[in-house]
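> I'd like to ask some things about the structure below.
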Amino acid sequence: MSQTVSKVRTAKLELYRKKGKIHAKATAGRFNTLRWAMVWLTQAVFYGACWLTWSADGLERQAVWFDIAHEKFYLFDLVLWPQDALLLAIALILAATALFLVTALAGRLFCGFACPQTVYTMIFSWIEAKVEGDHLARLKLDQSPPGLRKFGLRLIKHGLWLALAGWTAITFVGYFTPIRELLPAVRHWAVGPWEGFWLIFYAAFTYVQAGLAREAVCQHMCPYSRFQGVMFDETTRSVSYDTQRSDCIDCGICVQVCPTGIDIRDGLQYPCINCGLCADACDEVMVKIASPTGLIRFASERELAGRPPPRGWRQRPRVAAYAGLLVVFALLGAWTVATRPLLRVDVLRDRGALLRETAEGRIENAYTLKLMNLAEAPRDFTVEVSGLPGLEIVGERHFASEPGSIRAVSLTVSAPGDSELRGIQPISFHIKARQDPASELVEPSSFALGR
Ligand code: SF4
Ligand code: SF4
């Protein structure tokens, strides 16, 4: 008897999960609503942020802009330079730790709700459903012989997909080349070689990943699905089928709505992206048969085994560790941003001549100072020198600097030649901005006094 049931179940579901493309049935419910909310939120940020402008020192520029040519990243008021690589490292660690924390708490929540693959697959599937109809209509169309209607529908669908993929690529490149300059260039295809490459590559990538590959990416290409299990513990709440209950009527709807075509009743599987659509669909069935909802729900192994929920952080060491790391790196990032200097200086000794003696018997050394004004405002710098008796700068020591610029200045430093000190002696350059005299930068260097 149970064998017969199993055979019927397999035959029923084969259509959805084994043969060809998966056409998931549309479903409604709280998880579906949450997923669409995430689509709107993430895409409003992605498609919208490149259009925002920001005024700094009377100049208007794109608010979020990776200016590769000038090695700067603009994020509203914050301008990051290659010297701020530490911040990038902290941001990456923060993102990874947040992902680990979310996974330890609720499984592959990121995959099901915010991963770009999921988000674009949802949008592309929505377009497909609008053009070709619901899952049954799409299955019928797939199986129908070639004809004018099929060709027309496919043409419209792929045309819309390509248009969206193209716009996505323009938006992506628009974070590197200001989008208001990029658009007219794209219109006349007067873009540079790198822009051209990325426009074509990113459009093709989006079209293939979200339109053609879809669930295959989650099932066969995503490395995260392979190692996410190490972040799970018995308290991790992921989408699960409650085997203790006997309410399943084997309707198969949970499989029909699954975007990766799996049967959650077979237990936790790596292709499951934790989207909750099967839970939404099953809840609807449970309501119809007047059984309690939650036959499929976000539940932990512990909960499904009927054990009490964990009490305190001690019973959730993994979650506590990830949360602790997240707080530490968030504070470290905030501190790094708050205290990052707006002036950086590289001192280079003149390699040509180590020292020179003047007619007055003084010894002079030549230097080049690279003054990096990281502020988005012009600044005037004053340079002083210390470390030896009678040490002084010969000539100009005040230098004006443009906003966000690097200025190389040549300096001559002089010391009395009758000093008892000899050889290479340590000295320091002191640089401060007139606009911010309280913060002084001290750069160590050396002075050659001769033998
Ligand atoms: S939707 Fe619910 S009732 Fe229907 S097969 Fe899936 S688990 Fe069983
Ligand atoms: S099994 Fe359920 S939660 Fe997992 S991918 Fe399929 S529909 Fe989403």
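> Using the Kirkwood formula on the Cα atoms of segment 2-265, what hydrodynamic radius do you get, in angstrom to one decimal?
So the Kirkwood estimate lands at 21.6 Å.
> Taking R0 as 25 Å, what FRET efficiency do you get between LEU332 and SER439 from their Cβ-Cβ distance, rounded to the nearest 0.05?
0.75
> If we count every other residue with Cβ under 13 angstrom of THR368's Cβ, Lys/Arg +1 and Asp/Glu -1, where does the sum land?
+1
> Run the reach check for LYS140 against aspartates and glutamates, Cα to Cα strictly under 13 Å, same-chain hits fewer than 8 apart removed. What comes back?
Reachable aspartates and glutamates: GLU132.
> Separate question: Tell me which of SER419, ILE90, ILE289 sits at the most positive position along the dipole axis of the chain, charges placed on C-beta atoms (Lys, Arg +1; Asp, Glu -1).
ILE289
> Separation of segment 170-232 and segment 69-146 by C-alpha centroid, Å?
After rounding, the separation between the Cα centres reads 11 Å.
> Run lengths n ≥ 4 of DSSP H only: what is the helix-derived mean residue ellipticity at 222 nm for the chain, with -39500 (n - 2.57) per run over all residues, to the nearest 500?
Using -39500 (n - 2.57) per qualifying helix, the result is -13000 deg cm²/dmol.
> On a 0 to 90° scale, report how tilted helix 317-339 is relative to the longest principal axis of the chain, with both axes built from alpha carbons and the result rounded to the nearest 10.
Taking the Cα atoms of the chain, the angle to 317-339 is about 40 degrees.
> Carbon and sulfur together cover what percent of the accessible area of the chain at a 1.4 Å probe radius?
Here it works out to 64 percent.
> May I pose another question? Hey, if you put +1 on the Cβ of every Lys and Arg and -1 on every Asp and Glu Cβ in the chain, which of TYR367, HIS135, ILE406 ends up farthest toward the positive end of that dipole?
Among TYR367, HIS135, ILE406, the one farthest towards the positive end of the dipole of the chain is HIS135.
> Quick one: Cα convex hull volume of segment 222-349, Å³ per residue?
Each residue corresponds to 198 Å³ of Cα convex hull volume.
> First obtain the Kirkwood hydrodynamic radius of segment 343-448 from its Cα pairs, then insert it into the Stokes-Einstein equation at 4 °C and 1.567 mPa s, and state the resulting D in µm² per second as a whole number.
90 µm²/s
> Select from segment 345-377 those GluC sites (Glu not before Pro) which occupy a DSSP coil region and have at most 16 other Cβ atoms within 10 Å, ordered by residue number.
Sparse-neighbourhood loop GluC sites (Glu not before Pro): GLU360.
> By per-residue mean of other Cβ atoms within 10 Å, what is the highest-first order of 95-106, 320-331?
Final packing ranking: 95-106, 320-331.
> What order, most packed first, do the peptides 109-117, 441-449 have when packing is the mean number of other Cβ atoms within 10 Å of each residue?
109-117, 441-449
> Whole number in Å², please: accessible area per residue of the chain, 1.4 Å probe, ligands, DNA and RNA not counted.
Ligands and nucleic acids excluded, the result is 54 Å² per residue.
> With a bin width of 10 angstrom, please list the P(r) values of the chain as percents of all Cα-Cα pairs, from the 0 bin to the one holding the largest distance.
Reading the bins upward from 0: 4, 15, 19, 18, 15, 11, 8, 6, 3, 1, 0, 0.
> Out of all Cα-Cα pairs in segment 59-150, roughly what percent, to the nearest whole number, are more than 18 Å apart?
Every Cα pair in segment 59-150 considered, those over 18 Å come to 70 percent.
> Within 10 Å of each candidate Cβ there may be at most 14 other Cβ atoms; applying that plus a DSSP loop requirement, which chymotrypsin sites (Phe, Trp or Tyr not before Pro) in segment 129-208 survive?
TRP189
> Please list, in chain and number order, the residues 5+ apart from THR236 or on another chain whose amide H is under 5 Å from its amide H, with Hs placed from the backbone.
GLU301
> What is the angle, in °, between the Cα long axis of helix 85-106 and the longest principal axis of the Cα atoms in the chain? Nearest 10 is fine, range 0 to 90.
20 degrees
> Still on this structure: At what distance in angstrom do the alpha carbon centres of segment 239-281 and segment 354-398 lie from each other?
Cα centres, segment 239-281 to segment 354-398: 72 Å.
> Go through segment 405-444 and name the trypsin sites (Lys or Arg not before Pro) that are in a DSSP coil and have 16 or fewer other Cβ atoms within 10 Å of their Cβ.
Listed in order of number, the matching sites are ARG422, ARG434.
> Which FRET efficiency value, to the nearest 0.05, is calculated for ILE289 and ASP134 with the Förster distance at 30 angstrom and r the Cβ-Cβ distance?
The computed FRET efficiency comes out at 0.85.
> If you don't mind, another one. On a 0 to 90 degree scale, rounded to 10, what angle separates helix 277-288 from the longest Cα axis of the chain?
40 degrees
The values are calculated or read from the model by the stated rules, or taken from the named source; none is laboratory data. Here the structure is a predicted model, which means the values were calculated and not measured. All Cβ positions, even for glycine, are placed from backbone atoms using ideal geometry, and neighbour counts span all protein chains on display. Ligands, DNA and RNA are excluded from the accessible area calculation, which covers all protein heavy atoms including side chains. Shrake-Rupley method; radii C 1.70, N 1.55, O 1.52, S 1.80 Å.
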